[in-house]
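The values are calculated or read from the model by the stated rules, or taken from the named source; none is laboratory data. What you see is a predicted model, and the numbers here were worked out from it, not measured in a lab. Virtual Cβ from ideal backbone geometry, glycine too; neighbours counted across all protein chains shown.
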Amino acid sequence: MEYLIVGINEVDFTDDKGKRIQGTRLYFNYLDDTNPNIIGAIADSKWLTKDQVDKFGIDLRTLVRKTVNIVTNMKGKIVNIIPVEKESKQA
């Protein structure tokens, strides 16, 4: 399924218990053709840990305003983000 990345929020802070929190909130839109009650696109977000993002091997900042495929495991955890390359029109 294709998703449009509309924004990211990178965070790095220490919580009240002294635990360091690092990660990125990924914001995206997508079309859900299976629900006839939805008009337009769905807006959603997912939290990614720094370790997850590092495994993707891609700078998420470069994906803002780009279309991607989001690959998840059976539990819905994002395991990869793959940019969608649009075919160029031939003259």
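Picking from residues in the stretch 51-72 that are at pLDDT 95 or above and basic (Lys, Arg), the one that is nearest to residue 20 (Cα to Cα) is 61.
Looking at 58, 21, 82, which is the one that is in a loop (DSSP other than H, G, I, E, B), over 9 Å from the mean Cα position of the chain (by Cα) and among the aliphatic types (A, V, I, L, M)? Of the residues listed, the single one that is in a loop (DSSP other than H, G, I, E, B), over 9 Å from the mean Cα position of the chain (by Cα) and among the aliphatic types (A, V, I, L, M) is 58. The set of residues from the stretch 66-85 being closer than 17 Å to residue 25 by Cβ and loosely packed, with under 12 Cβ neighbours inside 10 Å comprises 76, 77. The set of residues in the stretch 39-65 that are surrounded by fewer than 12 Cβ atoms within 10 Å (Cβ to Cβ), of a type in the set (Val, Ile, Thr) and either closer than 14 Å to residue 5 by Cβ or touching a residue at least 24 places away in the same chain (Cβ under 8 Å) (or both) contains only 62.
Looking across the stretch 1-28, the residues that are in contact with a Phe, Trp or Tyr (Cβ under 7 Å, 6 or more places away or on another chain), under 18 Å from residue 72 (Cβ atoms) and without any contact (Cβ under 8 Å) to a residue 40 or more places away in the chain come down to 23, 25. The number of residues in the stretch 1-18 that are within 21 Å of residue 71 (Cα to Cα) and in a strand (DSSP E or B) comes to 9. Here residue 8 passes the criteria (1) of a type in the set (A, V, I, L, M, F, W, C); (2) exposed (fewer than 15 other Cβ atoms within 10 Å of the Cβ); (3) touching a helix residue (DSSP H, G or I) at 6+ places or on another chain (Cβ under 6 Å) except the one numbered (2).
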